[in-house]
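The block underneath contains the structure these notes are about, expressed in structure tokens.
The values are calculated or read from the model by the stated rules, or taken from the named source; none is laboratory data. Keep in mind the model is a prediction, meaning the values are calculated, not measured. As a convention, Cβ positions derive from the backbone with ideal geometry for all residues, glycine included, and neighbour counts pool all protein chains shown. Remember, those area values only see protein heavy atoms, side chains included, never the ligands or the DNA or RNA. Shrake-Rupley method; radii C 1.70, N 1.55, O 1.52, S 1.80 Å.
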Amino acid sequence: LRAAFVEHGAQELMPIALADDATSLEKVVDPWLPQAADLAIPRAAETSTSVAESSAPPRVVIAFGSQTGNAESIAGMLTEQLEERHITVERTASLNTVIDDGVLDKDKGPVTVFAVCSTCGDGDFPDNAGKVKRWAKKLNPDALAHVRVAVLALGSTDYSNFCMAGQRLRAAFVE
């Protein structure tokens, strides 16, 4: 799965975090939120010269796939943490909305994406993230070269496909 995000050209900000709601989400989520916030703004060394010299503020998007509301709630907490650090979040929305509205289109410029996605059933995406698979299949190589991404996957070790939707989402960006 890791190769899928890279194939589409996105830069992975940090390794995927897998949070188990069967034990305790907080063990993973609590340290992930500030770490993600610290990585929200690209440093000059991480960007091309044209991006680093751009006068436009960096674009930050928080996308979630949530069936029961946990991922959406965590996305909201990350939005608050970023805003407390005076980082403007362009959009916090479901993955389907982000895809439908073309928020990640290359012509919109460089973007940092934080994706929080839960897993439903047997490794499936939640309803509000169901378009990810079709969207990813349509991407050309390097279609996401302008994207910096970090994924927080939620799931339960009570199921055999633990955090599979988040892992597939990560793969859509980076492999």
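Looking at the structure I just gave you, is residue 173 open to solvent by less than 80 Å² (accessible area, probe 1.4 Å), touching a residue at least 12 places away in the same chain (Cβ under 8 Å), among the aromatic types (Phe, Trp, Tyr) and within 24 Å of residue 24 (Cα to Cα)?
Numbers: open to solvent by less than 80 Å² (accessible area, probe 1.4 Å): yes; touching a residue at least 12 places away in the same chain (Cβ under 8 Å): yes; among the aromatic types (Phe, Trp, Tyr): yes; within 24 Å of residue 24 (Cα to Cα): no.
Considered against the rule, which asks whether it is open to solvent by less than 80 Å² (accessible area, probe 1.4 Å), touching a residue at least 12 places away in the same chain (Cβ under 8 Å), among the aromatic types (Phe, Trp, Tyr) and within 24 Å of residue 24 (Cα to Cα), residue 173 comes out as no.
Within segment 113-162, which residues are among the polar types (S, T, N, Q) and under 24 Å from residue 33 (Cβ atoms)?
Correct list: 118, 119, 128, 156, 157.
Of the residues in segment 37-47, how many are open to solvent by less than 60 Å² (accessible area, probe 1.4 Å) and at pLDDT below 65?
Number satisfying all stated conditions: 1.
If you check 109, 121, which single one turns out to be at pLDDT 90 or above, open to solvent by 10 Å² or more (accessible area, probe 1.4 Å) and either out of contact with any Gly (no Cβ under 9 Å at 6 or more places or on another chain) or of a type outside the set (S, T, N, Q) (or both)?
After ruling out the rest, the residue left standing is 109.
Go through segment 88-105 and report how many residues are open to solvent by less than 30 Å² (accessible area, probe 1.4 Å) and without any contact (Cβ under 8 Å) to a residue 40 or more places away in the chain.
Residues in segment 88-105 being open to solvent by less than 30 Å² (accessible area, probe 1.4 Å) and without any contact (Cβ under 8 Å) to a residue 40 or more places away in the chain: 6 in total.
Within segment 112-131, how many residues turn out to be within 14 Å of the chain's Cα centre (by Cα) and assigned to a strand (DSSP E or B)?
7
Across segment 54-87, which residue is most open to solvent (accessible area, probe 1.4 Å) among those that are of a type in the set (S, T, N, Q) and over 24 Å from residue 30 (Cβ atoms)? If you could, list the steps in order and put the result at the bottom.
First pass over segment 54-87, keeping only residues of a type in the set (S, T, N, Q): 54-55, 66-68, 70, 73, 79, 81.
With the extra rule that they be over 24 Å from residue 30 (Cβ atoms), the set shrinks to 54-55.
Details: 54: 58, 55: 120 Å².
Checked segment 54-87; the qualifying residue most open to solvent (accessible area, probe 1.4 Å) is 55.
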